[in-house]
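Worksheet for the structure shown next.
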Amino acid sequence: MKVLVTGGAGYIGSHTVQELLKQNYEVVIVDIIDLQHRDALPGVSFYQGDILDKDFLNGVFQKERVEAVIHFAALKAPGESMREPAKYFYNNITGTVSLLDVMIHNDVRTIVFSSSCAIFGNPQRLPVSEDIPFSPESVYGETKLMGETVLKWFDKTAGIKYSALRYFNAAGASLDNSIGEDWSHTENLIPITMKAAMGVTPSISIFGSDYNTPDGTAIRDYIHVVDLAVAHVKALEHTVQTRASSTYNLGTGKGNTVREVVEAVKAVSNRDFKVIEAPRRLGDPAAIWADCSKAERELGWKAQYSLDTIIQSAWKWHSTHSS
Ligand code: NAD
């Protein structure tokens, strides 16, 4: 099967492309940025362009005869989304509608969509199952929820079948160290802590050390990017086979505090750095982790990798590829 991966030059996208190739899919990538680490993704067709450009996108569909889509292309920084909401609504919502329109035009009706645990905001119940109330705390989170709503309507009106995957905190790098995260445009804890461990930044800030958690810092569910990549392939297969749409929460089902992550980075890197205790940030939940039982039951998927593997693989990647 030939799969178009939008945002395939990005972090989770490139790891998913690697997994698709491993499982003998043909892969076409569309991304607005150039494709790095081409050696790690042999045989892919790459098109540099914007999913908002329908003529360009239609040209790719016509030329490549794609059969299904995995849609990662989006802006992803919650903080930035609060400063530049129009940019986020336009890119993430209009971009998704543009893609769906071109899919229908080309009679492609299967899609796996990158959603996020950001749709839940400060969850009322833990662990977070698929059906707890949605309450995004950022424009970014709202764009992911709206993306799911758009998909629901395209299913009803045009027969598009989808899996919406709500990732918790993606982290780590490929285990063969061939691809990893670009830390230049991320607000995520692990790459930011790696920067401090490598001396690129002088310190890191922990936002909130007075939460009602064992060490006072916020709890998140860190999921290895390769586990996520595997889940995308399983979700794609499931959607093709069942011709049914569904949503899945993807995490490990276990939370770690910010302080635990920082200490683990210090231990793995064998480096010390300054940690500043800063005030809580507006909208940050105290604790969030996933109930992944639906993905296990329906997709036969369960996270395999621990926080240790996440940090070891991320350290190996950043200490050999970032500057
Ligand atoms: P990333 O920034 O590394 O990758 C996104 C890619 O999409 C980039 O390469 C970017 O150039 C591309 N892109 C953005 N807008 C585009 C457009 N209009 N046209 C073409 N390409 C475009 O981010 P990532 O961490 O790999 O995230 C992938 C997806 O997963 C995003 O949708 C993100 O919202 C979602 N997500 C990420 C996390 C996480 O922890 N990283 C958690 C939950 C959800």
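The values are calculated or read from the model by the stated rules, or taken from the named source; none is laboratory data. Predicted model only: the values in this text are computed from it and were never measured. Here the Cβ positions follow ideal geometry from the backbone for every residue, glycine too, while neighbour counts run over all protein chains shown. Please note that ligands, DNA and RNA were not included when accessible areas were found on the heavy atoms of the full protein model with its side chains. Shrake-Rupley method; radii C 1.70, N 1.55, O 1.52, S 1.80 Å.
Key figures for this structure:
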| item | result |
| --- | --- |
| Output for region 268-299, where each listed residue is polar (S, T, N, Q), farther than 28 Å from Glu137 by Cα and surrounded by fewer than 18 Cβ atoms within 10 Å (Cβ to Cβ) | Asn270 |
| Number of the exception - His318 against (1) buried (at least 22 other Cβ atoms within 10 Å of the Cβ); (2) at pLDDT 95 or above | (2) |
| Residue in region 256-277 that is more than 16 Å from Thr193 (Cα to Cα) and at pLDDT 95 or above present | no |
| Hits in region 300-315 - residues which are part of a helix (DSSP H, G or I) and open to solvent by 20 Å² or more (accessible area, probe 1.4 Å) | Leu307, Asp308, Thr309, Gln312, Trp315 |
| Selection status of Ser115, under 25 Å from Asp155 (Cβ atoms), in contact with a helix residue (DSSP H, G or I) (Cβ under 7 Å, 6 or more places away or on another chain) and outside any helix (DSSP H, G or I) | yes |
| Members of region 13-35 found to be outside any helix (DSSP H, G or I) and loosely packed, with under 14 Cβ neighbours inside 10 Å, listed by number | Gln23, Asn24, Ile33, Asp34 |
| Boolean, Arg220 is within 10 Å of the ligand (Cβ to nearest atom), within 19 Å of Val5 (Cβ to Cβ) and of a type in the set (Lys, Arg) | no |
| The lone exception for Val108 - which of (1) open to solvent by less than 50 Å² (accessible area, probe 1.4 Å); (2) more than 11 Å from the ligand (Cβ to nearest atom); (3) farther than 24 Å from Ile219 by Cβ; (4) assigned to a helix (DSSP H, G or I) it fails | (4) |
| Hits in region 44-78 - residues which are open to solvent by 80 Å² or more (accessible area, probe 1.4 Å) and either farther than 17 Å from Val97 by Cβ or in contact with a helix residue (DSSP H, G or I) (Cβ under 9 Å, 6 or more places away or on another chain) (or both) | Gln48, Lys54, Gln62, Lys63, Arg65, Glu67, Lys76 |
| Out of Ile93, Ile132, sole residue that is β-branched (Val, Ile, Thr), surrounded by fewer than 20 Cβ atoms within 10 Å (Cβ to Cβ), over 30 Å from Asp39 (Cα atoms) and within 12 Å of the ligand (Cβ to nearest atom) | Ile93 |
| Qualifying residue in region 41-64 (condition: under 19 Å from Glu187 (Cα atoms), within 11 Å of the ligand (Cβ to nearest atom), more than 17 Å from the chain's Cα centre (by Cα) and in a helix (DSSP H, G or I)) | no |
| Candidate set: region 149-167, residues that are open to solvent by 10 Å² or more (accessible area, probe 1.4 Å) and touching a Phe, Trp or Tyr at 6+ places or on another chain (Cβ under 7 Å); chosen: the one nearest to the ligand (Cβ to nearest atom) | Tyr162 |
| Residue list for region 168-193, restricted to those being surrounded by 24 or more Cβ atoms within 10 Å (Cβ to Cβ) and without any contact (Cβ under 8 Å) to a residue 24 or more places away in the chain | none |
| Pair list, Cβ < 7 Å and 6+ apart or interchain, from region 31-43 residues that are under 18 Å from Glu64 (Cβ atoms) to residues that are within 13 Å of the ligand (Cβ to nearest atom) and small (Gly, Ala, Ser) | Asp31/Gly7; Asp31/Gly8; Asp31/Ala9; Asp31/Gly10; Asp31/Ala73; Ile32/Gly49; Leu35/Ala9; Leu41/Ser14 |
| Residue identified as more than 28 Å from Ala314 (Cβ to Cβ), open to solvent by 20 Å² or more (accessible area, probe 1.4 Å), modelled with pLDDT of 95 or more and away from the ligand (no atom under 12 Å from the Cβ) among Met146, Met103 | Met146 |
| Near pairs, Cβ below 9 angstrom, 6+ apart or cross-chain, from region 217-246 (at positive phi) to any residue that is part of a loop (DSSP other than H, G, I, E, B) and open to solvent by 10 Å² or more (accessible area, probe 1.4 Å) | Arg243/Arg109; Arg243/Gly159 |
| Verdict on Ala267 being without any contact (Cβ under 8 Å) to a residue 60 or more places away in the chain and either more than 30 Å from Lys161 (Cα to Cα) or part of a helix (DSSP H, G or I) (or both) | yes |
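One line per residue, one yes/no per condition, for (1) more than 13 Å from the chain's Cα centre (by Cα); (2) within 26 Å of Val240 (Cα to Cα):
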| position | (1), (2) |
| --- | --- |
| Thr143 | yes, yes |
| Thr149 | yes, yes |
| Arg166 | no, yes |
| Ala171 | no, no |
| Ser184 | yes, no |
| Thr193 | yes, no |
